[in-house]
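Presented below is the structure to which this report refers.
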Amino acid sequence: MRALKRSTSAAVILAALAGTAALATATPASAASYHCKTSSHSVDDPSYNGPDSDNWDFEVTLCAMRSGGTIYTTATVYWDGPYTAKNRNTYTFNKAKFQLQTKRSVSGTDPVVKSAAYTGLEYTLEHSNSYGNGYYSTGTLKYPAGSGRYLADGYIRLDWSGDGKDYRSPALFTASPVV
């Protein structure tokens, strides 16, 4: 019985020492994290006038993070498309993109300091699941920032097949909190 108590005590002491060593090598509690904002926008398919629902309901989460002297921005697009989207698939859009922007926060209009167009959105929209739903994540923009404040912003541009027009007005979303 005494040997069992010693083994248990030794195991508890070793576990405590291992935990202390792990804490010493862990990242500080003040590690950077993303600050995000989610907003939504509904878009009507102008090329379809049939009896079925044709709206695409988008929800976009825009995120920004400051780590040291670098700003990171990213976005995720979620949608609830019409259930008929799976039937029209690659004939729904000529083009579609998500434009991710890193902006410097100033009084007045925030200037864009870095931007990227993510055209992979078209493929994922046209290959929604059997309910017309899906999501798309952009890459991450990295910007070497000074002491200013920055945010993530973005919008969706859609060029519908069959309507005879190019990109329509952008679907705008609420920018991330300032970091």
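Read-outs throughout are calculated quantities, based only on the coordinates presented, and are distinct from any laboratory measurement. Computed from a prediction, not measured in an experiment: that's the story for all the values here. Every residue, glycine among them, receives a Cβ derived from its backbone with ideal geometry; neighbour counts consider all protein chains shown.
For a quick protection proxy, order the peptides 108-120, 152-164 by their average other-Cβ count within 10 Å, most packed first.
152-164, 108-120
Measuring max minus min along each principal axis, the C-alpha atoms of region 80-179 give extents of 50, 27, 18 Å (largest first). Each Cα pair of region 34-147 feeds into the Kirkwood radius, which the Stokes-Einstein equation turns, at 20 °C and 1.002 mPa s, into a diffusion coefficient of 138 µm²/s. Each peptide in 63-72, 46-55 gets a packing score, the mean of other Cβ atoms within 10 Å over its residues, and the list from highest to lowest is 63-72, 46-55.
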